[in-house]
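Presented below is the structure to which this report refers.
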Amino acid sequence: MTTTPEDNKDLNRSQFGANANNYADSPVHAKGASLARMVELAEPQSNWRALDIATAAGHTAFAFAPHVAHVTAVDLTPEMVTLAAERAIELGHDNVAAQLADAEDLPFDDDSFELVTCRIAPHHFPNPEMFINEVARVLAPGGLFVMVDNIASGDPDVARFADDFERRRDPSHVRCLPVAEWTSLMSNAGLTVRTTETSSKRMGFEWWANNMSVAEDVQAVLLAELHEASPMVHEFLRPEGSTVPDTVFFLTEGLFVAALPD
């Protein structure tokens, strides 16, 4: 049976709704090196209106909040919106407002924001082109788009394995895109790509699985598949260790800064 974009969005709501609280303290999302780098490259201004897409627990919105006038933090999952709103109050970010919104159909007027951000989420979006077009639409002239996401291998077989592997943990995963595809989508939407960076991100297998409440028997199967994968997959994911608690692997993370011309 063919999966539709709306089916995938329902999976997103289900997966992230059930595991929302895991993201509040997730080290990858709360403290990853890319978070500070996003702020550094954006050089946010105190009069900017910012939009954080697929905000989850709000980590990216909160990183930018001290530097801008206001942040609208949106997510497709009601539980995530509630969590982000509660955490904004707890952390004293009174210039952050959380609301429901679909990344591919944003409920905002054209030219509404000087800054749009999105971090470690676009691999869940069924139609990346629609997402990027919406980003370009809501950006004000001269505005910036700063995005971080996991990046695909240039080898199709390795990329297919990595996507299937991730989807077994999280059925709402769609596809990681390579750097060239992201930059092409941005350029086609009228954005000027200023910066692309890639970095290695260490993932503990046990945390990776538990963050999405993967059953122990499924974890065992995934671990075996990882260790038995092809040399090309091992070169890309670089697994280390042999048991669930001591196994780690590495993802490639891409950071993009693009501007909408004045």
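The conditions are (1) under 19 Å from the mean Cα position of the chain (by Cα); (2) surrounded by 13 or more Cβ atoms within 10 Å (Cβ to Cβ), and Asp105 fails exactly one of them. Which is it?
Here Asp105 clears every test but (2).
Identify the single condition in (1) touching a residue at least 40 places away in the same chain (Cβ under 8 Å); (2) part of a helix (DSSP H, G or I); (3) in contact with a strand residue (DSSP E or B) (Cβ under 7 Å, 6 or more places away or on another chain) that Thr196 does not satisfy, given that it satisfies every other one.
Thr196 satisfies all of (1) touching a residue at least 40 places away in the same chain (Cβ under 8 Å); (2) part of a helix (DSSP H, G or I); (3) in contact with a strand residue (DSSP E or B) (Cβ under 7 Å, 6 or more places away or on another chain) except (2).
Are any residues in region 58-81 without any contact (Cβ under 8 Å) to a residue 40 or more places away in the chain and surrounded by fewer than 24 Cβ atoms within 10 Å (Cβ to Cβ), and if so, which ones?
Phe62, Ala63, Ala65, Pro66, His67, Ala69, His70, Val81 - these are the residues of region 58-81 that are without any contact (Cβ under 8 Å) to a residue 40 or more places away in the chain and surrounded by fewer than 24 Cβ atoms within 10 Å (Cβ to Cβ).
Residues being part of a loop (DSSP other than H, G, I, E, B), modelled with pLDDT of 95 or more and small (Gly, Ala, Ser): count how many of those fall in region 230-262.
2
Determine, yes or no, whether Val244 is open to solvent by less than 60 Å² (accessible area, probe 1.4 Å) and out of contact with any strand residue (DSSP E or B) (no Cβ under 8 Å at 6 or more places or on another chain).
Taking the combined requirement at face value, the residue satisfies it.
Checking Ser184 against (1) touching a residue at least 60 places away in the same chain (Cβ under 8 Å); (2) under 23 Å from Pro126 (Cβ atoms); (3) not in a loop (DSSP other than H, G, I, E, B): exactly one of these is not met. Which one?
(1)
Identify, please: which residue in region 211-228 is in contact (Cβ under 8 Å) with a residue 60 or more places away in the chain and in a helix (DSSP H, G or I) and is, among those, nearest to the chain's Cα centre (by Cα)? Even if it seems obvious, please write down each step before you answer.
Narrowing region 211-228 to residues in contact (Cβ under 8 Å) with a residue 60 or more places away in the chain: 211-213, 225-226.
Right, trim to in a helix (DSSP H, G or I) and you get 225-226.
Details: Glu225: 25, Leu226: 23 Å.
Ranking the candidates gives Leu226 first.
Which numbered condition in (1) of a type outside the set (Val, Ile, Thr); (2) buried (at least 18 other Cβ atoms within 10 Å of the Cβ); (3) on the phi > 0 side of the Ramachandran plot is the only one that Gly190 fails?
(2)
Hey, could you check region 158-175 for residues that are among the basic types (Lys, Arg) and touching a helix residue (DSSP H, G or I) at 6+ places or on another chain (Cβ under 7 Å) and say which is farthest from Gln219 (Cα to Cα)?
Arg175
Look at region 134-160 and say how many of its residues are surrounded by fewer than 18 Cβ atoms within 10 Å (Cβ to Cβ) and either free of Cβ contacts under 8 Å to residues at least 60 places away in the same chain or more than 22 Å from Leu41 (Cα to Cα) (or both).
Within region 134-160, residues that are surrounded by fewer than 18 Cβ atoms within 10 Å (Cβ to Cβ) and either free of Cβ contacts under 8 Å to residues at least 60 places away in the same chain or more than 22 Å from Leu41 (Cα to Cα) (or both) number 6.
Within region 196-217, which residues are of a type outside the set (D, E, K, R) and open to solvent by 40 Å² or more (accessible area, probe 1.4 Å)?
Selection gives Thr196, Thr198, Ser199, Ser200, Trp207, Asn210, Ser213, Ala215.
When you scan region 161-180, how many residues do you find that are assigned to a helix (DSSP H, G or I) and either open to solvent by less than 40 Å² (accessible area, probe 1.4 Å) or free of Cβ contacts under 8 Å to residues at least 12 places away in the same chain (or both)?
Count: 8.
Evaluate region 112-119: report whether one residue or more is touching a Leu at 6+ places or on another chain (Cβ under 7 Å), of a type in the set (A, V, I, L, M) and in a strand (DSSP E or B).
Taking every residue of region 112-119 in turn, at least one turns out to be touching a Leu at 6+ places or on another chain (Cβ under 7 Å), of a type in the set (A, V, I, L, M) and in a strand (DSSP E or B).
Scan region 105-126 and tell me whether some residue there is in contact with a strand residue (DSSP E or B) (Cβ under 7 Å, 6 or more places away or on another chain), over 29 Å from Pro171 (Cα atoms) and without any contact (Cβ under 8 Å) to a residue 40 or more places away in the chain.
Checking region 105-126: at least one residue is in contact with a strand residue (DSSP E or B) (Cβ under 7 Å, 6 or more places away or on another chain), over 29 Å from Pro171 (Cα atoms) and without any contact (Cβ under 8 Å) to a residue 40 or more places away in the chain.
Quickly run through region 175-209 and pick out the residues that are farther than 21 Å from Leu35 by Cβ and either at pLDDT below 95 or in contact with a Lys or Arg (Cβ under 8 Å, 6 or more places away or on another chain) (or both).
Listed by number, the list holds a single entry, Ala209.
Can you name every residue in region 152-174 that is touching an Asp or Glu at 6+ places or on another chain (Cβ under 9 Å) and under 21 Å from Thr55 (Cβ atoms)?
Ser172, His173, Val174
The values are calculated or read from the model by the stated rules, or taken from the named source; none is laboratory data. This is a predicted model, so every value here is computed, not measured. All Cβ positions, even for glycine, are placed from backbone atoms using ideal geometry, and neighbour counts span all protein chains on display. What goes into the accessible areas is simple: the full protein's heavy atoms, side chains included, and nothing from ligands, DNA or RNA. Shrake-Rupley method; radii C 1.70, N 1.55, O 1.52, S 1.80 Å.
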